[in-house]
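What follows is one structure encoded as structure tokens, with my remarks underneath.
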Amino acid sequence: MAVNHIRSLRSFIIMKEALGEVGQRTFATGTGKAKKGAKGGAASDAPKASILSKEVKSTTVVGANILKDGTDPKILADSEYPDWLYHLLDKRPALSELRRKNTETLPYEDLKRFVKLDNRARIKENNSIKAKN
């Protein structure tokens, strides 16, 4: 019994080594030099180190252009941006804090967040109960 098991392991190892040599994936190496102006971009076409002046960096959002023929957008004054933009990073109350408050006095946004977080917590709890069974 043990001899058969050792033979099957040996044949498996031999087969694995054979497949490893044949089925091994390799990548092409760039042995030939790219022609000048050829597609694909050679190492010389790589972007050079940033030589933008501090003035340009402070007045434009460098790298935010998504259009082929466009330019980087200018940084505007704070009064030019909408008010909601400055509230995106405000800290929102956690579920435990919302549970302590009266739901009838919560503002609409907090009530909506409370319902979402409470549903998520109940789903997690039900899933953990089902997983234990």
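The table below lists the values:
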read-out	value
Solution diffusion estimate, µm²/s, Stokes-Einstein, the range 84-127, Kirkwood Rh from C-alpha pairs, 20 °C, viscosity 1.002 mPa s	186 µm²/s
Cα→Cβ-extended label distance, 7 Å offset, between Arg99 and Arg122, nm	1.3 nm
Residue-by-residue Karplus 3J(HN,Hα) for the range 80-88, coefficients 6.51, -1.76, 1.60, Hz, glycine and proline x	7, 9, x, 5, 5, 5, 7, 9, 5
Calculated on alpha-carbon atoms, Rg and Dmax of the range 60-111 in Å	18.8, 54
Given Lys91/Lys124; Lys74/Lys112; Lys101/Lys132; Lys91/Lys112, the pairs whose alpha carbons are separated by over 26 Å	Lys74/Lys112; Lys101/Lys132
Heavy-atom SASA rank of Asp72, Asp83 (probe 1.4 Å, accessible area, largest first)	Asp83, Asp72
Length added when fully stretched, Ile129-Ile75, from 0.36 nm per residue minus Cα-Cα	14.2 nm
Segment Thr59-Leu85, length gained on full extension (0.36 nm per residue, minus Cα span)	7.4 nm
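The values are calculated or read from the model by the stated rules, or taken from the named source; none is laboratory data. Everything numeric in this text was worked out from a predicted model, so none of it was measured. As a convention, Cβ positions derive from the backbone with ideal geometry for all residues, glycine included, and neighbour counts pool all protein chains shown. Remember, those area values only see protein heavy atoms, side chains included, never the ligands or the DNA or RNA. Shrake-Rupley method; radii C 1.70, N 1.55, O 1.52, S 1.80 Å.
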